[in-house]
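S.K.: Could you have a look at this structure, given as structure tokens, before my questions?
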Amino acid sequence: MPMSNPNAEEYTFYLVGKPEDFSERLGRVVRLGEVELAVFKTTDGKIYALENQSPGPRGGTIAEGIISGDVLFDPICDWKIGLADGLVHAPDTGQVRVYPVQVLEDEVRIGLPKREGGTLHD
Amino acid sequence: MENRDYQRLVVIGNGMAGINTVEQLLKLSPNTYKITVFGKEPYPNYNRIQLSYVLEKSKAVEDIILNDWDWYTDNGIELHTGTSVTHIDTEKKIVTADNGMQVSYDKLIIATGSKPLMLPVPGADKQGIIGFRDIADCEHMLHAADLYKKAAVIGGGLLGLEAAKGLLKLGMDVTVVHLFKDIMERQLDHTASLMLQAELESQGLKFATGKQTEEFLGEERVSGIRFTDGTTLDTEFVVMSAGIRPNVEVAKASGLDVNRGILVDDYMRTSAPDVYAVGECNEHRGICYGLVAPLFEQGVVLAKHLCGVETKPYEGSVVSTQLKISGVDVFSAGEFMDADDLAIVRMHDDWRRVYKKVLLRGGRIVGGVLVGDGKEASRLQQWIRTGTVMTEVIHDAIVGQSSIDTGNTAAELADEEIVCGCNGVTKKHIVDAIEQKGLTTVEEIKGATGASRSCGGCRPVVEQILQFVLGEKYDSAAAKQEAMCTCTTLSRDEVVTAIKEKGLITSKEVRYALDWNNTEGCSKCRPALNYYLGMIWPTEHVDERDSRFVNERMHANIQKDGTFGVVPRMYGGVTTPEDLRLIADIAVKYNVKLVKVTGGQRLDLLGVRKEDLPKIWKDLGMPSGYAYAKALRTVKTCVGNQFCRFGTKDSMGMGILLEKKFERLDMPAKFKLAVNGCPRNCAESSTKDIGIVGNEGAWEIYVGGNGGIKARLAELLCKVRTDEELLDIVSAFMQHYRETGRYLERTSDWIERVGLASVMEVVVTDLDNRRALVERMEIALSQVKEPWSEILNNSNLRERMFEDIKVTTDQN
């Protein structure tokens, strides 16, 4: 799970808003430069950011999916995707890229790897 | 006697009767006996009734083994195969085998079975003449089929016909020789027998009926048969299947009372103390059985008796016969010949080649024959066993044209009744397995008990027992799918009942109170629960937006590129120049990619960006057409009597009225209406959930049509005279569907499930009920809100739902 314990050093974190800008269990699209993210807030208030791209064979976006706990049901193929690691649950396989999220003092920040467009922020 | 805490049980015979008794006994009391089994054949116990499958090559010998070698070891049974017992010393209680081995017993079971009756005519000892009884015979026949072309099977009974068909399949030219004019004359009447013969002839079998064999011709090897009428038949291979004879030699030689079989009483006791006989080798009340079911029934009684468990005496069996030949459905049970004291229900259809006959004595079913359609065989057998009284429903099920559900008769079966004749599984075994192991499917029962494992003929009965034991928890054929989702084992109906009874208002409460294994549910139960809660508590339940599918949440149809389609209402497919102009202007303003006329008589603006959705709706000022919703979509109308020369009714007016009345109301699935002004039906009523057809002086209401994935024509629900009645029926029908439909179940499937007759009763006939449905519908309709006003009036909600957050990563 490459993204599960990101080293903050390697990311540049961008302010995207407040926790209230996100509805519980309703995805919202966040465009971070060129990157399109689907951001979800779970019932227990945790916020996750995933690349807004279905891992399924039919493509499409995932921001519209149904959220249960820390699992997303893909709105197109109904696959189950773990919000924390982006891993698709069995019997299907695949992984959606996840991005680290920091919530500090009522501010939500999402990290982009420095090599992928985050460097300018240094 | 030596001092030990077990007794010695010796079983002579390693076939189905003996081993089944041992199995029953081990279940009842695993440690009472130390068991020794002698078997003549070099195999463990196999399913003799499936030998014809081995002959047909549809199964291998291994496939028909019932108890493998390990089973004997695991149960501490000493097995001596290839060994025959030649003498029983009933005084000293010792058996002696052909290899000189001696074993003493406390109890002895003789289960030596039977052998083919070899005709005592000249030449019967020639090579190429065999019986059909065991695996060795089977192998002999398979071998012969490679070497020879012409075969004769003597005996047109069950086993003979199976053997003949097997040889035919192996490529031989086969003639069935039968003493009587009618084949299977011990199970079938003349009509049924002729139909069976014709069917088998069409498959390539030849018949020489009414022929008595006088002599086998040939030198060392058989070359033909001469009959008593002087005619002859050329053949290179003969299978004798003219009946069976109980194997009584050892019993006779040991001084037991023997008639045709070894004489036994109702507890399988022979004339010698502690010596029992079970299965085809015995003779009970003058009958030697040659079928599988009786031996199981005898075995159950004997096992209990040997374990000191109280048991009812064995009082004989109702035998049934089912021909195991592919493409031939023949079933016979109980009495089958006409007699003066019997009433006969008969259906004979030469065109379909179906013959059904049920025999009644004093109104009770005592026998039956089925040819060409064996669907009801297992139930008929049950009715015969239990002496069920003939009813309209049963009559319809057997000889009726329609397939009316006869309900569940599992309750009538006695505990000890053998349900699976192939594996000797009783109703009680199945019930116990279901209860003790928590089984919920026929497959699981098959795995646990073996019931329906072999021929599968009893599967419907097993299913009925499952249904009977589980009651409301039973999931029918679609078994697992009927649980609402994998978060729960409860079905839709159980969940809905619990919501009402426990007063659960939110889906969170439902999942908590009903023990969901997933606290926040899944993509299947979330939208479904949200629907059920809204349906049950129209005034209390707050719609759960996060449980809606995206289209219903955004009130637009998401397209593959993430843009949306917008479909405004156009009631009854009627618009105005002003509205059309407005739609055109808006399409230009928002740069929509395509304008499409839909199948539901309105316009779809495709390619709208998500953030434009609230604006476009605001500009349009028209209600959403709900083209995405599990709700009323469109009411398709024809022009009707406002303009059309043929129109008899104002279909547009009625269509608009209906669409305005029922729009936005949540339904189990999408819902489409059509209203026509005359029977020409231009608005296509037959493929709508409700299709209304105007006539001079009346409206016809058709329901349950579907033009989509699974086409289905709507059926006539009723005819009404007034518009008020029409509105009431439509309202009651929709509410009844809302209350009983499964989420995502279209009316076409729903009607097939619940039956049109029941819908008619609830919605049309029962006026009080209709009124109550209409009242509940009015309450539901009073809660329906236009969705856009809330979104447009709540800027916070609108932003969160429709607007992306954009962050630039370039700091310059």
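S.K.: Roughly how far apart, in whole Å, are the Cα centres of region B:764-807 and region B:127-199?
M.R.: 72
S.K.: Next up: Excluding ligands and nucleic acids, what accessible area in Å² is computed for B:C307 using a 1.4 Å probe, to the nearest 10?
M.R.: Number for this one is 30 Å².
S.K.: Counting only other chains, what is the mean number of Cβ atoms within 10 angstrom of the Cβ of each residue in peptide A:52-59?
M.R.: 1
S.K.: Next up: What value does region B:193-238 have for Rg/Rh, both radii from Cα atoms and Rh as Kirkwood defines it?
M.R.: With Rh from the inverse mean 1/r over Cα pairs, Rg/Rh is 1.07.
S.K.: Under a Cβ-only charge scheme (Lys and Arg +1, Asp and Glu -1), can you give me the dipole magnitude of the protein assembly as shown about the Cα centre, in debye to the nearest 20?
M.R.: The dipole magnitude comes to about 1760 debye.
S.K.: I've got another one for you. Can you give me the orientation-averaged projected area of the convex hull built on the Cα atoms of region B:411-474, in nm²?
M.R.: 3.6
S.K.: Sequence-distant or interchain residues sharing an amide H contact under 5 Å with B:T321, placed H: which?
M.R.: The list, which skips near neighbours in sequence, is B:S332, B:A333.
S.K.: With only alpha-carbon atoms counted, please give the Rg and Dmax of region B:483-548, in Å.
M.R.: 10.4, 29
S.K.: Can I ask one more? Please give the per residue volume of the convex hull enclosing the alpha carbon atoms of region A:8-117, rounded to a whole number of Å³.
M.R.: 96
S.K.: Quick one: divide the alpha-carbon radius of gyration of region B:1-142 by 2.2 N^0.38 Å and tell me what you get.
M.R.: Output field value: 1.18.
S.K.: Pull up all non-local amide H partners of B:G243: gap of 5 or more, or a different chain, and H-to-H distance under 5 Å with H placed in the peptide plane.
M.R.: Those lying under 5 Å, H to H, from B:G243 are B:L117.
S.K.: Quick one: among A:E64, A:E107, A:E51, which has the greatest mean-square fluctuation in a GNM of chain A with alpha-carbon springs under 10 angstrom?
M.R.: Comparing A:E64, A:E107, A:E51 in the GNM, the peak value goes to A:E107.
S.K.: Apply the Karplus parameterisation 6.51 cos²θ - 1.76 cosθ + 1.60, with θ equal to phi minus 60°, to every residue of region B:15-22 and state each ³J(HN,Hα) to the nearest whole Hz, in sequence, with x for glycine and proline.
M.R.: Whole-Hz 3J(HN,Hα) from phi for region B:15-22: x, 5, 5, x, 6, 4, 4, 4.
S.K.: If you take the alpha carbon radius of gyration of chain B and divide it by 2.2 N^0.38 Å, what ratio comes out, to two decimals?
M.R.: Expressed relative to 2.2 N^0.38 Å, the Cα Rg reads 1.29.
S.K.: Go through region B:432-438 residue by residue and turn each phi into a ³J(HN,Hα) via Karplus (6.51, -1.76, 1.60, θ = phi - 60°); whole Hz please, and just put x for glycine and proline.
M.R.: 4, 4, 4, 6, 7, 9, x
S.K.: Hey, what D do you get for region B:353-400 in µm²/s if you plug the Kirkwood alpha-carbon radius into Stokes-Einstein at 10 °C and 1.306 mPa s?
M.R.: My calculation gives 150 µm²/s for D.
S.K.: May I ask you to work out the translational diffusion coefficient for region B:644-769 at 20 °C, viscosity 1.002 mPa s, via Stokes-Einstein with Rh from the Kirkwood sum over Cα pairs, reported in whole µm²/s?
M.R.: My calculation gives 148 µm²/s for D.
S.K.: Largest first, please: the extent of the C-alpha atoms of region B:53-115 along each principal axis, to the nearest Å.
M.R.: Over region B:53-115, Cα extents along the principal axes are 47, 30, 20 Å.
S.K.: Using amide H atoms built 1.01 Å from N in the peptide plane, name the residues 5+ places from B:Q783, or on other chains, whose amide H lies under 5 Å from its own.
M.R.: Under 5 Å from the amide H of B:Q783: no residue qualifies.
S.K.: How much accessible surface area, in Å² rounded to 10, belongs to the heavy atoms of B:S58 with a 1.4 Å probe?
M.R.: 70
S.K.: What GluC sites (Glu not before Pro) does region B:669-752 have in DSSP loop regions with at most 12 other beta carbons within 10 Å?
M.R.: B:E696
S.K.: When you look at the Cβ of every residue in B:523-529, what mean number of other chain Cβ atoms sits within 10 Å?
M.R.: Across the residues of B:523-529, the mean count of other-chain Cβ atoms within 10 Å is 3.
S.K.: Then there is this: Hey, what's region B:218-350 come to in accessible area per residue, 1.4 Å probe, Å²?
M.R.: With all protein chains present, region B:218-350 gives 44 Å² per residue.
S.K.: Using the Cα atoms of the protein assembly as shown, I'd like the radius of gyration and the largest Cα-Cα distance, Dmax, both in angstrom.
M.R.: 37.6, 116
S.K.: Continuing with this model, one more query. Counting other Cβ atoms within 10 Å of each Cβ, which trypsin sites (Lys or Arg not before Pro) in region B:306-385 have at most 13 and sit in a DSSP loop?
M.R.: Within region B:306-385, the qualifying trypsin sites (Lys or Arg not before Pro) (loop, at most 13 other Cβ atoms within 10 Å) are B:R352.
S.K.: Follow-up question, since we're still on this one. For region B:483-548, report the accessible area per residue in Å² (1.4 Å probe, heavy atoms, rounded to an integer).
M.R.: 44
S.K.: Moving on to the next point. How big is the gap, in Å, between the Cα center of region B:61-97 and the Cα center of region B:203-222?
M.R.: Cα centroid to Cα centroid, the span is 37 Å.
S.K.: Dipole size in debye (nearest 20) for region B:530-617 around its Cα centre, Lys and Arg Cβ +1, Asp and Glu Cβ -1?
M.R.: 360
S.K.: Using θ = phi - 60° and the Karplus form 6.51 cos²θ - 1.76 cosθ + 1.60, what ³J(HN,Hα) does each residue of region A:68-79 get, whole Hz, x for Gly and Pro?
M.R.: Here the 3J(HN,Hα) series is 10, x, 10, 10, 10, 9, 4, x, 8, 9, 6, 6 Hz.
S.K.: Something else: Give, rounded to the nearest 20 debye, the magnitude of the charge dipole that region B:411-474 has about its Cα centre when Lys and Arg contribute +1 at Cβ and Asp and Glu contribute -1 at Cβ.
M.R.: 240
S.K.: Which value at 222 nm does the protein assembly as shown reach when only helices count, each DSSP H run of 4 or more adding -39,500 (n - 2.57), with the total divided by all residues and rounded to the nearest 500 deg cm²/dmol?
M.R.: When only DSSP H runs of four or more count, the value is -8500 deg cm²/dmol.
S.K.: Also, quick follow-up: Based on the alpha carbons, how large is the Rg to Rh ratio for region B:118-242 when Rh follows Kirkwood?
M.R.: Rounded to two decimals, Rg/Rh equals 0.94.
S.K.: At q = 0.09, 0.22 Å⁻¹, work out log10 I(q)/I(0) for region B:494-638 with the Debye formula, treating every Cα as an identical point scatterer and leaving solvent out; two decimals please.
M.R.: Values, matching the q order: -0.38, -1.24.
S.K.: Within 10 Å of each Cβ in peptide B:555-564, how many partner chain Cβ atoms are there on average? Round it to a whole number, please.
M.R.: Average per residue, whole number: 2.
S.K.: GluC sites (Glu not before Pro) within region B:176-247: which are DSSP loop residues with at most 12 other Cβ atoms inside 10 Å?
M.R.: For GluC sites (Glu not before Pro) across region B:176-247 that sit outside H, G, I, E and B with at most 12 neighbouring Cβ atoms in 10 Å, the list reads B:E219, B:E220.
S.K.: Turning to a different aspect of this structure: In vacuo Debye scattering of region B:259-339, one point per C-alpha: log10 I(q)/I(0) at q = 0.21 Å⁻¹?
M.R.: Here the Debye-derived log intensity ratios amount to -0.94.
The values are calculated or read from the model by the stated rules, or taken from the named source; none is laboratory data. No experiment lies behind these values; they were computed from the predicted model shown. Note that each Cβ is placed from the backbone with ideal geometry, even for glycine, and that neighbours are counted across all protein chains shown. Areas reflect the complete protein model, heavy atoms only, side chains present, ligands, DNA and RNA absent. Shrake-Rupley method; radii C 1.70, N 1.55, O 1.52, S 1.80 Å.
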